[in-house]
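Colleague: This is the structure, below, for whatever I ask next.
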Amino acid sequence: MLNHSSMENQMVMTEFILFGLSSDPQVLLFFFFLFLVIYAATLLANAVIIMVINGEPTLQTPMFFFLKILALIDICYSSVTVPKMLENFVSKEKSISVVGCYAQIFFFIHFACDEIFLLTAMSYDRYVAICDPLHYSTIMNKQMCQLLVVGTFVMGLLDGAVNTVPLMNVTFCGVNTICHYTCDLPAVLSLSCSGTFINFTVISVSVFPFGFMPFLLTLVFYIRIISTILKIPSTKGKSKAFSTCSSHFIVIGLFYFSAFVRYLKPSSKSLSDLEKVASIQYLILTPLLNPLIYSLKNSKMKNCIWKKFVKCM
């Protein structure tokens, strides 16, 4: 009888209510304009990165090829959640369909995983450039770069599918309010009235191949990079070597710091505000900060953007 009732409720439920930041209309209106400006700036900044790299012959190197793909991922990454978030800030219903919620979860995990593996590929590129410069052009050829990008997207699709497909067997029983401003997978699973052991097991197990392993590889690459740079005798040589990977190192630090705060925090209700702040960083701020960091820290990129800007004038 209970199972029949649960199935009935599952059939009836067609939407979730997203309730996360505030119930005050004035506060939500402030967030709407703030996040709208940030989202518009994100799209513009990343689009500029892509156009400049595509149109500048001197930027046709593996490092800038990966940066172009990162800009594309950041556009997709922020577009998965921010437009619906903005709509709900000014909407009375603040709802999202069940299908839309599942799609949001799939694409969010997909693009987040893409970013993790692309940052790892970029770490490998910097590792080869600094630790094995004589063979750099041979190792990081066009085919290798394309293979790394294809592998990045394949891993992202796998991670999205592995975590989303088990949702099809989850039953919901009436309660449809998600205490978040996006369709966060753990928050959605907390509304289930059926067993979610398999779902949480899949989440825990998938963290190793799709999260921990690329992080560990990135860490190993940077340990080798730093140890190689420290062996350079001249201060000028050290400074030049550090400058080639400083932008990427900052981007990695921002990404993993927010991810660790979000997913490796202790289970405590008192940390819910910290969790929301961290999620704002990786959902909204990181896709904007990435192109800004690379533009400001990389003199070649900065000069090319300035040249394009002067031409447009």
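The values are calculated or read from the model by the stated rules, or taken from the named source; none is laboratory data. This is a predicted model, so every value here is computed, not measured. Neighbour counts run over all protein chains shown; Cβ positions are idealised from the backbone, glycine included. The accessibility values were calculated without ligands, DNA or RNA, using every heavy atom of the protein model including side chains. Shrake-Rupley method; radii C 1.70, N 1.55, O 1.52, S 1.80 Å.
Colleague: Along the charge dipole of region 115-228, pointing to its positive end and built from +1/-1 on Cβ of Lys, Arg, Asp and Glu, which listed residue (Met155, Ala121, Asn176) has its Cα farthest out?
Modeller: Farthest towards the positive end: Ala121.
Colleague: Can I ask one more? Using the Karplus curve 6.51 cos²θ - 1.76 cosθ + 1.60 with θ = phi - 60°, work out ³J(HN,Hα) for each residue of region 75-91 in order, rounded to whole Hz, and write x for Gly and Pro.
Modeller: 4, 5, 4, 6, 6, 5, 10, 5, x, 5, 4, 4, 4, 6, 4, 10, 9
Colleague: Quick check: the angle from helix 299-312's long axis to the longest principal axis of the chain, C-alpha only, nearest 10 degrees?
Modeller: 80
Colleague: When ligands, DNA and RNA are left out and all protein chains stay put, how many square angstrom of accessible area per residue does the chain have with a 1.4 Å probe?
Modeller: It amounts to 52 Å² per residue over the chain.
Colleague: What does the helix-only formula give at 222 nm for the chain: each DSSP H stretch with n ≥ 4 adding -39500 (n - 2.57), the total divided by the residues, and the result rounded to the nearest 500 deg cm²/dmol?
Modeller: -24500 deg cm²/dmol
Colleague: Provide the per-residue ³J(HN,Hα) series for region 59-65, in order, calculated from phi with Karplus coefficients 6.51, -1.76, 1.60 and θ = phi - 60°, each as a whole number of Hz, with x at glycine and proline positions.
Modeller: So the Karplus estimates, Gly and Pro as x, are 9, 8, 10, x, 4, 7, 4 Hz.
Colleague: Say we join alpha carbon atoms closer than 10 Å with springs in a Gaussian network model of the chain; which of Asp74, Asp184, Asp159 then has the biggest fluctuation?
Modeller: Asp184
Colleague: Pop the C-beta distance of Lys307 and Leu44 into the FRET formula with R0 = 25 Å and round what comes out to the nearest 0.05.
Modeller: Efficiency, from the Cβ-Cβ distance: 0.90.
Colleague: A further question follows. Taking the Cα centroid of region 89-150 and of region 280-301, what is the distance between the two, rounded to the nearest whole Å?
Modeller: Comparing the Cα centres of region 89-150 and region 280-301, I get a distance of 15 Å.
Colleague: To continue, here is another question. Go ahead and set up a Gaussian network model of the chain, Cα springs under 10 Å, then flag whichever of Gly100, Gly237, Gly160 fluctuates most.
Modeller: Gly237
Colleague: To continue, here is another question. Only Cα pairs under 8 Å and at least 6 apart count here; give the relative contact order of the chain as a rounded whole percent.
Modeller: RCO, the chain: 27 percent.
Colleague: May I ask you to give the percent of accessible area on the chain that is carbon plus sulfur, with a probe radius of 1.4 Å?
Modeller: Roughly 72 percent, rounded to a whole number.
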